[in-house]
Structures are given as C-alpha cells and as structure tokens.
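In what follows, a single structure is set out as structure tokens and then discussed.
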Amino acid sequence: MSYTPHPTQCLAASCEVSSSTQRRDTPHQTNWMKQINSFADFFALVLQRRAQRRALMRLSDTALADIGLTRTQAEEEYRNSFPLL
C-alpha cells in the first residue's frame, strides 16, 4: 500500500492552495490589512497634527497675528492634542 499525503500537509514551495481556500482566506486577510492601514493612517494624522501644533507654539505673537490667531487661541489648539474625528 502506498502513502499519499493529505493536501493540507504539503509544505513544499511547489504546492498550490485550492481556489476555494484562496477565496475564503482573501476577504479575511484583506479586511485585516485594511484595518491595519486605517490605524496607521490615523496614527500618521495624529502625529502630523501634533507636529503642526508644536510648530504653532514656536511662532511669535506677530506671526500668530499675521495668520489671525492670538496666543491664547494657539495655546488652546496646542492643548487639543488628540481630537475626535
């Protein structure tokens, strides 16, 4: 009697996954990757806004007046470090 390995036990690089398995795994992996990308985009946005607020605090009162802000308004914006979107 000869031994035939079960298809799921094949670990060789030449093994192919059945199309039904690919269809089942792809949406789950895509959804997971979308969630990771969404979180990364949100985190990048938070870091960008934080850097902009820090730059705002480094401006002089004259420069703030040029863009139409007071020092008090700039400080309020600086304290708003994690806005809700």
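The values are calculated or read from the model by the stated rules, or taken from the named source; none is laboratory data. Note that the coordinates shown come from a computational prediction; the quantities given were computed from them, not determined experimentally. In this analysis, Cβ positions are derived from the backbone assuming ideal geometry, glycine residues included, and neighbour counts consider all displayed protein chains. Note: accessible area is taken over every heavy atom of the protein model, side chains too, but ligands, DNA and RNA are not part of it. Shrake-Rupley method; radii C 1.70, N 1.55, O 1.52, S 1.80 Å.
Filtered by the rule that a residue be free of Cβ contacts under 8 Å to residues at least 12 places away in the same chain, open to solvent by less than 70 Å² (accessible area, probe 1.4 Å) and either part of a helix (DSSP H, G or I) or touching a helix residue (DSSP H, G or I) at 6+ places or on another chain (Cβ under 6 Å) (or both), the stretch 46-64 gives Ala51, Ala55, Ala63, Leu64.
Taking the stated definitions as given, is Ala40 at pLDDT below 55 and either at negative phi or in contact with a Lys or Arg (Cβ under 7 Å, 6 or more places away or on another chain) (or both)? Please lay out each step first, then the result.
Values: at pLDDT below 55: no; either at negative phi or in contact with a Lys or Arg (Cβ under 7 Å, 6 or more places away or on another chain) (or both): yes.
So Ala40 does not fit the description; no.
With respect to the numbered conditions (1) modelled with pLDDT of 55 or more; (2) surrounded by 10 or more Cβ atoms within 10 Å (Cβ to Cβ); (3) more than 32 Å from the chain's Cα centre (by Cα), which one is the sole condition not fulfilled by Cys10? Every listed condition holds for Cys10 apart from (1).
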